[in-house]
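The numbers here are math on the coordinates, done by the rules we state, and not lab data. Every value quoted in this text rests on a predicted model; they were computed, and no experiment measured them. Glycine gets a Cβ as well: all are built from the backbone with ideal geometry, and neighbour counts include every protein chain shown.
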Amino acid sequence: MSDTLERLATAVVEGNVDSMEELAQEALDEGLSAQEILNDGLMGGMNHVGKEFKAGNMFVPEVLRSAKAMKEAMKLLEPMLAAGEAQATGKILLGTVKGDLHDIGKNLVGMMCEGAGFDVRDLGTDVEPDQFLSAIKEFEPDIVGMSALLTTTMRAMGDTIKAIEEAGLRDQVKVMIGGAPVTQRFADDIGADGYAANAASASDLAKEFVGAA
Amino acid sequence: MRTNYRVNSGVRFRMLTDDQLQELFDGVLHVLENTGLEVHHEESRQILQEAGAWVDGTRVRVPSWLVKESLRKAPRSFTVYARDGNREHNIHIGPGRAHFGPGPTCPNFIDVETLERRPYIKDDVSIVATVVDALPNIDFCESLGSVDDVHADLSALYEFAHMFPNTSKPIVAWSFDKYDSEGIHQIALAEAGGQEAFEQRPNYIHYCEPLSPLISTFEALDKLVFAARKRVPLVFTPCAIAGGTAPITAAGIITQGVAESWMGLTIAQAIQPGLPFIMGGVLSVMDMNAMVFSYGAPELSLMMAGVTELAHFAGLPLWQTGGCTDSKTFDEQAMIEGSMSVYFSALTGGDLCHDVGYTESAMTGSVFQLAAMDEAIGYARRITRGIDVNEDTLATEAIHNVGPNGHYLREPHTRRHYKTEFWYPNLCDRRNFDEWDTMGRKTMKDRTIERVRDILASHEPAPLKEGTETLIQSVLEEAEDRVQQDWWQEREIAD
């Protein structure tokens with residue numbers, strides 16, 4: 001790996017937001033392609049962050065800082081990534097389902113997925129099935145992630161999956177769900193493709209879904 | 001700018017009022033002046049007599065003015081230094097600072113591999129010292145045992161010789177007699193760079209133990225006199241048993257125990273004015289059914305709190321006790337007893353809290369108990385650190401920025417504080433059920449065993465200076481030669 005790519009990876013790990021653009025420019029000046037910089041520099045750094053976080057050596061604010069650092073570099077690189085080139089790991093649509101206003105867990109999932117290179121759109125809280133449907137049509141995500149904190153609102157996840165099926169969109173997306181009362185069994189019952197117990201494993205699951213794990 | 005604004009730094013705890021402490025203080029002076037102690041050491045009796053004490057045969061009574069003068073000479077605050085100059089391993093003794101470490105002299109040890117209880121051997125010393133060196137909340141080292149597989153007279157020397165290379169945290173050195181103490185001191189001097197350098201930056205503390213009730217034994221004083229002359233910071237701590245070798249009441253055992261410790265103080269300050277002196281002792285109950293000195297009794301914590309407050313009232317640091325248990329194994333009882341006593345000890349700010357890692361009422365040392373208590377101490381330290389209240393911590397600006405429906409994860413305020421505001425466990429498990437399940441359903445005990453074994457497989461204590469290792473070998477060889485000679489067996493005690 002070139003020295004600059006290594007420095008980019010390190011800057012991501014350290015969450016060095018201010019130096020990212022300059023480092024990315026340096027890498028471009030050396031003749032590296034935007035794709036190389038993304039794959040070998042930035043993602044290398046984020047993979048390291050993911051491992052350290054899992055091992056308990058990094059903490060959420062640090063992971064978010066790293067994700068932000070990566071985004072800074074992406075500002076410069078994104079226009080150069082040709083359409084068709086895998087510019088993002090994948091696209092994820094997120095929302096807390098109807099009737100539920102709890103969103104800290106879902107926000108964490110969003111941020112972790114962004115950190116893993118996903119393009120994330122967050123519909124917020126109390127999201128009606130219809131809102132999910134129109135966003136799927138418009139944003140064309142690979143994955144739909146839903147969350148609920150309450151046992152009373154959990155079942156709205158099932159309703160939303162049913163609505164996606166009825167709209168004929170079920171084959172286009174993988175559905176993953178989460179939230180404190182949610183279990184693998186519940187996910188199986190309502191026909192979700194996967195369940196993750198926390199934000200880090202949600203991002204791992206998402207990567208698995210798009211074949212990036 | 002704030003003005004006339006009062007702050008509590010940390011959690012406030014106080015058990016006794018000034019009036020109660022004055023009453024205890026006067027009680028101690030009364031015992032020393034009226035009852036006195038048996039002092040089985042001729043030279044010490046001479047020193048005491050010259051200083052103004054009344055000597056009648058072996059019985060010595062100390063006038064109040066002399067005790068007070070000795071208290072005045074002894075420092076409340078001082079530093080004991082890491083042998084390798086690592087500032088993080090220095091111990092600053094002073095108000096509001098609680099330190100923790102293991103205790104000495106258990107006959108048995110929980111084997112690190114088999115987890116079975118067996119006699120304590122030489123190799124265990126380096127295991128304990130290495131674990132002490134690695135654990136973040138353990139500040140000083142004792143060995144958790146008396147070495148069984150060397151000549152009985154040399155076990156304390158071997159103990160120090162094997163602790164010293166394996167931790168740079170200050171050692172509290174226990175010994176049988178002056179001969180051990182001399183060997184120990186030689187080793188410490190080699191590393192410190194001579195007597196003068198040692199006096200400026202002492203790298204170990206010497207531990208002496210008088211006998212209850214009211215006896216200053218020959219060995220305790222012989223060691224004390226040696227340490228005082230060499231200006232080694234000194235712990236002088238009786239281990240009184242309420243209802244057995246001391247009054248059954250907490251106030252009574254405190255009064256007697258402190259009188260026993262202050263006899264040592266008086267001798268030490270007469271020899272070496274200003275010698276750092278850490279007052280004892282270890283006070284607990286004799287269980288009237290099991291007939292053991294209980295290391296897990298709630299009264300231990302209460303008595304230790306009382307004696308800590310009295311020490312601080314008198315201007316001395318205290319040799320505390322906690323993190324120990326009467327349980328025979330790593331179980332719920334061990335965790336309750338150990339955690340409650342370290343928490344209480346942290347609250348009192350008892351200066352050096354030892355016996356962390358004792359199980360089976362001090363019959364068996366356990367590095368697993370020690371490692372689990374490292375976690376409990378971290379927990380206790382987070383509580384006793386308390387909370388800061390100021391413009392920044394009120395976070396009104398962050399609250400305003402985030403507003404309703406937002407979150408704080410990306411806030412610079414969160415980033416600035418998350419490392420210091422929260423305590424992060426090493427052993428306590430906070431994962432969700434599925435993750436815990438996936439990772440093998442490990443219990444606290446499993447995780448503690450893993451942590452200890454990880455430390456032993458990977459931790460490398462700071463090396464000794466060149467030459468110290470050779471000196472240690474020659475000190476041990478000389479001592480081995482000495483114990484072979486007849487005079488050693490027949491040496492007389494100059495009572």
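Annotations for the structure displayed:
- Take the Cα of B:Asp446, step 7 Å toward its Cβ, do the same at B:Asn405, and the gap between the two points is 4.4 nm.
- Helix A:129-139 and the long axis of chain A differ in direction by around 30°, with both axes built from C-alpha atoms.
- Local charge for A:Thr183 was computed over the other residues whose Cβ lies under 10 Å away, with Lys and Arg +1 and Asp and Glu -1, and equals -2.
- Label-point separation in nm, A:Glu208 to A:Glu22, each point 7 Å along Cα→Cβ: 4.2
- Burial order of peptide ranges A:90-101, B:164-175, B:92-103 (average beta-carbon count within 10 Å, highest first): B:164-175, A:90-101, B:92-103
- Fully extended contour minus Cα-Cα distance, from B:Arg229 to B:Glu460, at 0.36 nm per residue: 79.7 nm
- Sorted largest first, extent of the protein assembly as shown alpha carbons per principal axis (Å): 104, 57, 53
- Inter-part distance where region B:209-261 and region A:107-142 are each reduced to a Cα centre, Å: 70
- Subtracting the Cα-Cα distance of B:Trp54 and B:Leu394 from 0.36 nm times their residue separation leaves 116.3 nm of extension gain.
- DSSP bridge orientation in chain B - percent antiparallel, rounded to nearest 5: 35
- Per-residue shielding of B:407-415, expressed as the average number of other chain Cβ atoms within 10 Å of the residue Cβ, stands at 4.
- Net charge, B:Ala98 excluded, C-beta distance under 12 Å - Lys, Arg +1, Asp, Glu -1: +1
- Once the C-beta distance of B:Arg416 and B:Glu477 is scaled by a Förster radius of 51 Å, the resulting FRET efficiency is 0.35 to the nearest 0.05.
- When the Gaussian network model of chain A links Cα atoms closer than 10 Å, the mean-square fluctuations of A:Ala69, A:Ala163, A:Ala202 top out at A:Ala163.
- Rounded to the nearest 10 degrees, the inclination of helix B:468-484 to the longest alpha-carbon principal axis of chain B is 40 degrees.
- Of the residues B:Ala129, B:Val235, B:Phe422, the one whose Cα sits farthest toward the positive end of the charge dipole of chain B, with +1 on the Cβ of Lys and Arg and -1 on the Cβ of Asp and Glu, is B:Phe422.
- Given +1 at the Cβ of Lys and Arg, -1 at the Cβ of Asp and Glu and no other charges, the dipole of the protein assembly as shown around its Cα centre is 1780 debye to the nearest 20.
- Of the peptides B:376-385, B:298-307, B:446-455, the order by per-residue mean of other Cβ atoms within 10 Å, starting with the highest, comes out as B:298-307, B:376-385, B:446-455.
- When the convex hull of its Cα atoms is viewed from all sides, region B:78-385 shows a mean projected area of 13.8 nm².
- In this structure, the pairs whose alpha-carbon distance is over 30 Å, taken from A:Lys68/B:Lys169; B:Lys223/B:Lys328; B:Lys419/B:Lys445; A:Lys174/B:Lys419; B:Lys73/B:Lys178, are A:Lys68/B:Lys169; B:Lys223/B:Lys328; A:Lys174/B:Lys419.
- Order by protection proxy (mean Cβ within 10 Å, highest first), peptides B:214-224, B:407-417: B:214-224, B:407-417
- The charge dipole of chain A, taken about its Cα centre with unit charges on the Cβ of Lys, Arg, Asp and Glu (plus for the first two, minus for the last two), comes to roughly 760 debye.
- Residue with peak Gaussian network fluctuation, chain A [Cα springs, cutoff 10 Å], from A:Phe59, A:Phe132, A:Phe186: A:Phe59
- As a ratio to 2.2 N^0.38 Å, the alpha-carbon radius of gyration for region B:311-443 is 1.39.
- Relative to the Cα centre, the charge distribution of region B:78-385, modelled as +1 at Lys and Arg Cβ and -1 at Asp and Glu Cβ, gives a dipole magnitude of about 1000 debye.
- In units of the rule-of-thumb radius 2.2 N^0.38 Å, region A:91-209 shows an alpha carbon radius of gyration of 0.91.
- Euclidean distance of C-alpha centroids, region B:1-67 and region B:358-383, integer Å: 31
- Dimensionless Rg over Rh [chain A; C-alpha; Kirkwood]: 1.01
- For region A:67-81, Karplus couplings with θ = phi - 60° (6.51, -1.76, 1.60), whole Hz, Gly/Pro x: 4, 5, 4, 4, 4, 4, 5, 5, 3, 6, 7, 3, x, 8, 6
- Once the Cα atoms are used to define both axes, helix B:122-134 deviates from the longest principal axis of chain B by about 40 degrees.
- Dimensions (Å) - region B:281-339, Cα atoms, principal axes, largest first: 38, 23, 13
- Here is the size of region B:383-495 from its Cα atoms: Rg then Dmax, 28.1, 85 Å.
- Whole-number D in µm² s⁻¹ for region B:139-209, Kirkwood Cα-pair radius fed into Stokes-Einstein, 25 °C, 0.890 mPa s: 199
- Gain on full stretching of the segment that runs from B:Ile387 to B:Tyr5 - 0.36 nm per residue minus C-alpha separation: 135.9 nm
- Around A:Lys174: net Lys/Arg minus Asp/Glu count, Cβ-Cβ under 14 Å: -4
- Taking N as the residue count of region B:99-191, its C-alpha radius of gyration divided by 2.2 N^0.38 Å amounts to 1.02.
- Annotation note: GluC sites (Glu not before Pro) in region A:26-57 located in DSSP loop regions with a Cβ neighbour count of at most 13 within 10 Å are A:Glu30.
- Backbone N within region B:137-181 under 16 Å of label point (7 Å from B:Lys122 Cα along the Cβ vector): B:146-166
- Across region A:3-80 the C-alpha pair distances fall into 10 Å bins from zero in the proportions 22, 55, 19, 3 percent.
- Efficiency of FRET from Cβ geometry, B:Asp19 and A:His102, R₀ 41 Å, rounded to 0.05: 0.15
- Within 10 Å of each Cβ in B:54-60, the average number of Cβ atoms from other chains: 0
- Hydrodynamic radius of region B:41-162 per Kirkwood, over alpha carbon pairs, in Å: 17.9
- A straight line joining the Cα centroids of region A:190-213 and region B:309-345 runs 47 Å.
- When chain A is described by a simple charge dipole with +1 on each Lys and Arg Cβ and -1 on each Asp and Glu Cβ, the residue from A:Leu150, A:Ala212, A:Leu93 located farthest towards its positive end is A:Leu150.
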